[in-house]
Structure formats: structure tokens, C-alpha cells
Amino acid sequence: VSENLILGSLIVIFVVVLLLGNLRSGLVVASVIPLSLLFAISLMYLFGVDANLMSLGAIDFGIIIDGAVIIVEFIAFRIMRESEKLGLLSKEEKQDEVDKITLKSASKMMNSAIFGQLIILIVFIPILSLSGVEGKMFKPMALTVMFAIVGALILSLTYVPMMSSLVLSKHITHKKSISDRVMDNITRVYRPMFFAVFRRQRLVISIIISILIVSIVLFSRLGAEFIPNLDEGDFAVE
């Protein structure tokens with residue numbers, strides 16, 4: 001469990017720092033991971049959820065920090081836009097101005113952060129309706145992930161803006177970096193697809209509805225076996 005959590009968090013931290021292109025922004029976002037995990041473990045203790053590879057090992061840190069990334073990135077962007085103005089102020093005035101920028105930016109992105117996290121929470125709700133063996137196996141996983149997401153959401157609206165105001169540099173300047181090159185390549189592929197979809201809205205919606213109907217038909221004809229066969233190469237001694 002420890003190895004899974006450590007490797008998962010390190011990979012996410014590396015990707016966040018790489019794509020944000022700002023070490024301080026990346027570290028503020030990364031700090032949400034252990035805090036949200038602490039929040040989840042606290043609620044697991046209160047609700048009697050066992051800590052094992054199925055529950056803790058299923059936590060996706062990329063999903064958890066989604067709201068924090070949105071807020072930190074926008075705050076850093078707004079500070080960069082106001083960097084020239086901030087350079088003319090004294091230290092106390094600069095911090096006051098950054099606090100105002102942070103409050104305004106976080107308030108503006110709050111709905112996006114909350115909405116994104118709520119969608120993920122809703123996805124896990126059906127798992128709570130499982131019963132029998134599959135319920136015992138997968139309910140702890142769903143509850144743990146939901147606890148971590150709720151913790152990350154609370155942190156994104158309180159801790160993240162506060163830390164961004166204190167930690168982020170007041171003289172953010174935009175320099176071409178590897179993150180810009182990565183995002184430029186992604187945008188180059190995504191932009192034509194984006195506008196192509198908007199030009200053919202009816203066709204896209206028709207395809208999506210067709211896929212949904214086919215999925216419902218296939219689902220209705222599936223068997224009831226839920227737990228997959230696992231071949232992990234481990235010896236089970238009884």
C-alpha cells in the first residue's frame with residue numbers, strides 16, 4: 001500500500017510540475033495530496049473503513065488535485081498579468097494586492113473546481129449500492145476515494161488560495177519552457193478537433209446518443225459476474 005501511494009503521488013507531482021511550468025505552483029498543488037490523504041484516513045477511521053490495497057490503493061491523485069490545479073494555475077496567471085503593477089508597490093502593499101488577486105481569482109474558478117469534483121463524486125455513488133461479496137470488496141474503495149475528493153475540495157477552497165497567496169512569486173515572468181512546448185503540441189492536435197466538433201454538433205450528438213443506446217443494450221445482455229479473475233502471480237497458502 002505504501003509503495004503504491006508513494007509512487008502514485010510522485011508521478012502526479014512530476015507531471016503537475018512539468019505541465020504547470022512553475023515549481024512553486026506545482027508544489028502548492030502537490031501539497032494537497034498528503035493533506036487530502038490524511039483527511040480520507042481520518043474519515044476512514046471514524047466510519048470504520050479498513051485500510052488495504054483495495055481501498056487506499058485505488059486512490060487516483062490526478063483526480064483528487066483537479067480542483068487545486070484549476071485554482072492555482074489561474075491565480076498564477078493573474079499574478080503574472082499584474083506583475084508590472086506589483087513591482088511598483090512596497091512589500092506590504094504588494095502582499096495586500098496579491099491577496100485581492102487571489103481572492104478574486106479563486107472566487108471566479110470556484111464553480112469550475114466544485115462542479116468538476118462533484119461529477120467525480122457522483123460516478124462513485126452507484127458503487128455504494130453493491131451488495132454481497134462485491135459490495136464488501138468495492139464499497140471501501142468508493143468511500144475512500146470519495147473521502148479524499150471531499151477533503152481535496154475543501155482544501156481547494158481554503159488552503160490552496162491561502163498558500164498560493166503566500167508561496168507564489170510576486171514577480172512571475174513568462175519564459176518559454178518545456179511545459180510550453182508540451183502544451184503547444186497538445187493544443188496543435190486538440191484545436192482542429194475542437195472546432196471540427198463544433199462545426200458538426202448534430203452529427204456528434206447523434207453519434208453519442210447512438211453509442212449510449214448500444215451501451216445500454218449490451219449492458220442489459222451482460223452476465224451478472226462482477227468480480228474479475230486476478231492473476232497476480234502470488235502464492236496463496238491455506
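Readers should treat all values here as calculations from the given coordinates under stated rules, not as data from a laboratory. Given the structure is predicted, the values throughout are model-derived calculations rather than measurements. Counting neighbours? That spans all protein chains shown, and the Cβs are built from the backbone with ideal geometry, glycine included.
Once the Cβ-Cβ distance between residue 197 and residue 92 is put in as r, and R0 is 45 Å, what FRET efficiency do you end up with, to the nearest 0.05? Between residue 197 and residue 92 the formula returns 0.40. Pick out the long, greasy-scoring helices in the chain: whole DSSP H runs spanning 15 Å or more along their own axis by Cα, mean Kyte-Doolittle at least -1.0. Sorted by number, the helices that extend far enough and score high enough are 2-20, 32-47, 66-81, 91-124, 132-157, 178-199, 201-221. Amide hydrogen proximity for residue 52: with H placed 1.01 Å from N in the peptide plane, the residues at 5 or more positions away or on another chain lying under 5 Å are 57. Close Lys pairs in the chain, defined as Cα atoms under 14 Å apart and 8 or more places apart or on different chains, number 7. Every helix of 4 or more DSSP H residues in the chain counts as -39500 (n - 2.57), and over all residues that averages to -25000 deg cm²/dmol at 222 nm.
Normalising the average separation of contacting C-alpha pairs (under 8 angstrom, six or more residues apart) by the number of residues puts the relative contact order of the chain at 29 percent. Among 111, 185, 52, the residue with the largest mean-square fluctuation in a Gaussian network model of the chain, with springs joining Cα atoms closer than 10 Å, is 185.
For the chain, a Gaussian network of Cα nodes joined below 10 Å ranks 74, 115, 147 by mean-square fluctuation, and the top entry is 115.
Among 212, 23, 128, the largest mean-square fluctuation in a Gaussian network model of the chain, built with springs joining Cα atoms closer than 10 Å, belongs to 212.
Counting only Cβ charges, +1 for Lys and Arg and -1 for Asp and Glu, the dipole size of segment 1-158 around its Cα centre is about 180 debye. Mind checking which of 31, 192, 205 is farthest towards the positive end of the chain's charge dipole, using Cβ charges of +1 (Lys, Arg) and -1 (Asp, Glu) about the Cα centre? About the Cα centre, the residue reaching furthest to the positive side is 192.
Other residues whose C-beta falls under 15 angstrom from the C-beta of residue 84 contribute a net charge of +2, scoring Lys and Arg +1 and Asp and Glu -1.
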